[in-house]
């Protein structure tokens, strides 16, 4: 449960944010994930959602997540929970968000989701990356800015994970050599596109239907990148409804061959899973490499 130190810190931040004395009257645990403890907190000023984890193990995680959520919300394209506050108390860091009741998907949920994501992806900037680093799951994610997608993808996504995997003995030199051969082909594989505002971790566990049945996305790993990264991630663990992809392509058509390229995109989240869990994820990586190298 939430410690008294965290409760006091949240009450103070909420009081400062809302301009009145906030008192937490009840807390209850809700589903969270692998690294966070999550709570529904009842106050005299309403209900809020709180995530907590170790400030020492994951420094700056919730500040980065808050920035990412605010950037996505600023696009005004898809429902994003409002960031209320974030902070630390003793060894605990916490993030306070708007509480969203889960609802039943409205009939046009997948079409709305696909169109909304396409509209979000039209938000662009002059570089690939972000002005700050963040996390992908529990691993640090480097967002050093690059002028082109290929160098960003290689250096900030694939090489960063390969280095971690090599240091922990989870990947062998022959697989590294295959990646080096793949790098020489990437410029011919990816069509040139402007950097797109990405969720960054768009799998089935990171969307929900809000209280009115509308699409809502949560737990991002935001950066500006090639938009097929989000599309690929959405297919990695079971995929979304075909209506989602049809609506996306109607709103913002993907270039020909996207179905094959998303396998390359998914090398990044698969390498993240190799580093986190090992096992069969390395076999999936090697299978993709065999098809392209």
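Sort through 251, 263, 228 and tell me the only one that's touching a helix residue (DSSP H, G or I) at 6+ places or on another chain (Cβ under 7 Å) and farther than 29 Å from residue 176 by Cβ.
That would be 251, the only listed residue that is touching a helix residue (DSSP H, G or I) at 6+ places or on another chain (Cβ under 7 Å) and farther than 29 Å from residue 176 by Cβ.
From 62, 48, 94, grab the single residue that is in contact with a helix residue (DSSP H, G or I) (Cβ under 8 Å, 6 or more places away or on another chain), under 18 Å from residue 139 (Cα atoms) and modelled with pLDDT of 95 or more.
94
Is region 155-166 home to any residue that is under 18 Å from the mean Cα position of the chain (by Cα), under 15 Å from residue 289 (Cα atoms), at pLDDT 95 or above and part of a helix (DSSP H, G or I)?
Yes.
The values are calculated or read from the model by the stated rules, or taken from the named source; none is laboratory data. The structure presented is a predicted model; accordingly, all values stated were derived computationally and were not measured. For neighbour counting, all protein chains shown are included, and Cβ atoms are generated from backbone atoms with ideal geometry for every residue, glycine included.
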